[in-house]
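As structure tokens, the structure follows; a few thoughts come after it.
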Amino acid sequence: MALRRYERIPTQDETLSRIQERVEDAFLPVSDSKILDGHLIEGQALASGTTSEIAHSLGRKLIGYIVVKRNAAQHVYDTQETNDTPDKTLYLTAGGTVTVDLWVF
């Protein structure tokens, strides 16, 4: 789900216009953060040495991912350079069997 853009409400009131400017100045750096425009994928089982294709449902090309939880001490890495559909999927490989939760953005 994409973050909503900040929109000013047209007004003739100068005080309200200044308030909207300040809110926009504070909000835009947050809403422009690419890492926030993502979602959590839970319970992805990865088999040892096998590339897993995970649907990320972002509706656009994946920028990155963060492993936010894992149930075993295994390294996880992507093989996106071989992925023909980066706008739909993430290719992950693990050094051993592990279940992960991922933040994709």
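No value in this document is a laboratory result; all are computed from the given coordinates. Just so you know, these numbers come straight off a predicted model, no measurement behind them. With ideal geometry, Cβ positions are generated from the backbone for all residues, glycine too; neighbour counts draw on all protein chains shown.
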Of the labelled options (1) 14, 35, 22, 14, 10, 5, 0; (2) 15, 45, 31, 8, 1; (3) 15, 45, 25, 10, 4, 0, which one gives P(r) over Cα pairs in 10 Å bins from 0, in percent as computed for this structure? (1)
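Order 51-64, 82-95, 23-36, 4-17 from most to least packed using the mean count of other Cβ atoms within 10 Å.
Numbers: 51-64: 14.4, 82-95: 16.1, 23-36: 11.1, 4-17: 9.6.
Going from most to least packed, we get 82-95, 51-64, 23-36, 4-17.
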For the chain, what is the calculated [θ] at 222 nm in deg cm²/dmol (nearest 500), taking -39500 (n - 2.57) for each run of four or more DSSP H residues and dividing by its residue count? -6000 deg cm²/dmol
Residue by residue through region 46-58, what is 3J(HN,Hα) from phi via Karplus (6.51 cos²θ - 1.76 cosθ + 1.60, θ = phi - 60°)? Round to whole Hz and write x for glycine and proline. 10, 8, 4, x, 10, 7, 9, 9, 10, 6, 9, 6, 7
Under a point-charge model restricted to the Cβ atoms of Lys and Arg (+1) and Asp and Glu (-1), what is the dipole moment magnitude of the chain relative to its Cα centre, in debye to the nearest 20? 180 debye
